[in-house]
Amino acid sequence: MTFAPFITLPFAHERAAPPFSSDADKYPDSVVRYFLDRYTKKGDRVFDPFMGLGTTAFVAEDMGRIPYGFEHDRERFEWVAGQLEHWTHIHNDDAANMRKYALPKMDFAITSPPYMPKHHKWNPLYGGDPAKAGYDKYLSRMAYIFKALAQTMKRNSFVVVHADNLYHGPHYTPLVRDLGLAAEKSMALKAETTIKWENPQADYTHTHCLIFKNTQK
Ligand SMILES: C[S@@+](CC[C@H](N)C(=O)[O-])C[C@H]1O[C@@H](n2cnc3c(N)ncnc32)[C@H](O)[C@@H]1O
């Protein structure tokens, strides 16, 4: 299996965001289409532990793949579930609980996790619970979720993690590296695809996808 180091894709959202949200943390459908087209086939199970507004699931269904996933936020979950044919495959729960569900083994995963800047205390994985504040707790929870993810996947399947480095004034967060290290505790990093946007968005010109192979037995 080979992965291109550098590609160009359009930055666009095929489905309008609901009134209670925005496109801000959706990834473009083109990213999901690109990977599903090359690395999955019709009927494959495609998993996303952080479904958000459902880009992975909607594109998967559109391409004849079978979506599965988790989304912690009730409003987002209900909005996605209400429009998905396979709505019984998605769960309104913390992705950290995925092993409590009787899920079939997945063929492929692609996800854009919640991002956390290093200098923030608010940990998005716990909805800001003060007892779980801080970047270190965020990264160790991501490592825990990646481990659960590896156990949910078929052996030798691929997991694509979309990530950006974060530039906030004087603060820089090397999130691509840090999420990579967190996932590498349970999966093998095989490649990185840098995506240049055909139509750059203000200061958002490119993004990164890390590709892991699940080598767990
Ligand atoms: C960056 S968004 C994903 C966007 C998605 N790829 C899309 O295109 O709509 C991350 C999502 O993870 C959800 N989330 C945060 N913590 C979570 C957790 N512990 N378990 C499951 N979902 C969580 C957030 O509510 C948010 O919707």
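The numbers here are math on the coordinates, done by the rules we state, and not lab data. Just so we're clear, the structure is a prediction, and the values are computed from it rather than from any experiment. Glycine also receives a Cβ, built like all others from the backbone with ideal geometry; neighbour counts cover every protein chain displayed.
Kindly identify segment 1-112 as rounded, prolate or oblate by the Cα gyration tensor criterion: order the square roots of the eigenvalues as a ≥ b ≥ c, call it rounded if a/c is under 1.5, otherwise compare a/b with b/c, prolate if a/b is larger, else oblate. Verdict is oblate for segment 1-112.
The GNM of the chain, with springs linking C-alpha atoms under 10 angstrom apart, assigns the highest mean-square fluctuation among Ala143, Ala182, Ala16 to Ala16. Dividing the summed helix terms, -39500 (n - 2.57) for each DSSP H run of n ≥ 4, by the number of residues in the chain produces a 222 nm estimate of -7500 deg cm²/dmol to the nearest 500. Each Lys or Arg adds one and each Asp or Glu takes one away; over the other residues whose Cβ falls under 14 Å from the Cβ of Lys118, this sums to 0. Excluding Gly52 itself, calculate the net charge of residues whose Cβ lies under 11 Å from the Cβ of Gly52, where each Lys or Arg counts +1 and each Asp or Glu counts -1. Local net charge: -3. What the Cβ-Cβ distance of Gln83 and Tyr172 gives, at R0 = 35 Å and to the nearest 0.05, is a FRET efficiency of 0.40.
Of the GluC sites (Glu not before Pro) in segment 72-173, the ones in a loop by DSSP (not H, G, I, E or B) with at most 16 other beta carbons within 10 Å are Glu85. In the structure shown, the pairs Lys26/Lys190; Lys105/Lys196; Lys132/Lys217; Lys100/Lys121; Lys154/Lys190 are assessed against 27 Å; a Cα-Cα span above that value is assigned to Lys105/Lys196; Lys132/Lys217; Lys100/Lys121. Under 5 Å from the amide H of Ala191 lie the amide H atoms of Ile211, each residue being 5 or more positions distant or on a separate chain, with H modelled from the backbone and absent for Pro and chain starts.
What percent do you get for the relative contact order of segment 1-102 when only Cα pairs under 8 Å and 6+ apart count?
Dividing the mean separation by the residue count of segment 1-102 yields 20 percent.
Summing charges over all other residues whose Cβ lies under 13 Å from the Cβ of Val80, with Lys and Arg as +1 and Asp and Glu as -1, gives -3. Once divided by 2.2 N^0.38 Å, the Cα radius of gyration of segment 152-217 becomes 1.29. Once you have a ≥ b ≥ c as the square roots of the Cα gyration tensor eigenvalues for segment 47-103, tell me rounded if a/c is under 1.5, and otherwise prolate or oblate according to whether a/b is larger than b/c. Oblate. If you restrict to DSSP beta bridges whose two residues both lie in the chain, what percentage is antiparallel, to the nearest 5? Percent antiparallel among DSSP bridges in the chain is about 50. Over 27 Å, how big is the tail of the calculated P(r) for the chain, in percent of all Cα pairs? Result for the distance tail: 27 percent.
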